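Trainee: This is the structure I want to talk about, given as structure tokens.
The values are calculated or read from the model by the stated rules, or taken from the named source; none is laboratory data. These figures come from a predicted structure and were not determined experimentally. No Cβ is skipped: glycine too gets one built from the backbone with ideal geometry, and neighbour counts run over all protein chains shown. Ligands, DNA and RNA are stripped out before the accessible areas are found, and what is left, the full protein with its side chains, is counted by its heavy atoms. Shrake-Rupley method; radii C 1.70, N 1.55, O 1.52, S 1.80 Å.
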Amino acid sequence: VHVTGREYDDVYDSVAELGRKSHRGFDLRKHAEAFGLVWRPFQAGKGQKRMTPVQFARKYPEGRWIVRTAGHVFAFIDGVGYDTDPERDDRCIYGAWEYNADA
């Protein structure tokens, strides 16, 4: 099940209708609102490192999120990360789209 609670195939078809090609990226920023996703930036303070997946899971133990790292996105659902790539705890998170069913 996808962050939005919809089945994977349903979301896949929806983003294909919005122009995504198979095995190609998708600019979620342009279409996030259509999926009930709200952008939350995570700015790094001067002299501080950006948030990592481990820190994200501690800070946001509840909720449905799609987090953005350099050139990659993956899901967090109730503090658990879901990714097709091998997990790397040192990834810097630039921000995340929070799922809001009411959006």
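Trainee: Give the residue, chosen from Val67, Val11, that is in contact (Cβ under 8 Å) with a residue 24 or more places away in the chain, part of a strand (DSSP E or B), surrounded by 14 or more Cβ atoms within 10 Å (Cβ to Cβ) and of a type outside the set (Lys, Arg).
Mentor: Sole residue among the options that is in contact (Cβ under 8 Å) with a residue 24 or more places away in the chain, part of a strand (DSSP E or B), surrounded by 14 or more Cβ atoms within 10 Å (Cβ to Cβ) and of a type outside the set (Lys, Arg): Val67.
Trainee: State whether the residues of the stretch 48-57 include one that is touching a residue at least 60 places away in the same chain (Cβ under 8 Å) and assigned to a helix (DSSP H, G or I). Outline the logic, then answer.
Mentor: Going residue by residue through the stretch 48-57, those that are touching a residue at least 60 places away in the same chain (Cβ under 8 Å) are none.
No, because not a single residue in the stretch 48-57 is touching a residue at least 60 places away in the same chain (Cβ under 8 Å) and assigned to a helix (DSSP H, G or I).
Trainee: Which of the numbered conditions does Val80 fail, given that it passes all the others? Conditions: (1) touching a residue at least 12 places away in the same chain (Cβ under 8 Å); (2) surrounded by 13 or more Cβ atoms within 10 Å (Cβ to Cβ); (3) among the hydrophobic types (A, V, I, L, M, F, W, C).
Mentor: Every listed condition holds for Val80 apart from (2).
Trainee: Can you name the residue in the stretch 83-101 that is under 13 Å from Val73 (Cβ atoms) and free of Cβ contacts under 8 Å to residues at least 24 places away in the same chain and, of all such residues, is surrounded by the fewest Cβ atoms within 10 Å (Cβ to Cβ)?
Mentor: Thr84
Trainee: Starting from the stretch 28-41, take each residue that is β-branched (Val, Ile, Thr) and list its partners that are modelled with pLDDT under 80, counting only C-beta distances under 6 angstrom and pairs at least six apart or across chains.
Mentor: If the second residue must be modelled with pLDDT under 80, the pairs left are Val38/Ala103.
Trainee: All but one of (1) at pLDDT below 90; (2) among the hydrophobic types (A, V, I, L, M, F, W, C); (3) open to solvent by 60 Å² or more (accessible area, probe 1.4 Å) hold for Ala44; which doesn't?
Mentor: Every condition holds for Ala44 apart from (3).
To keep it simple, each residue is scored yes or no on (1) buried (at least 17 other Cβ atoms within 10 Å of the Cβ); (2) at pLDDT 80 or above; (3) touching a Phe, Trp or Tyr at 6+ places or on another chain (Cβ under 6 Å); (4) at positive phi.
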| site | (1), (2), (3), (4) |
| --- | --- |
| Gly5 | no, yes, no, yes |
| His23 | no, no, no, yes |
| Glu33 | no, yes, no, no |
| Arg58 | no, yes, no, no |
| Gly63 | no, yes, no, yes |
| Ala75 | yes, yes, yes, no |
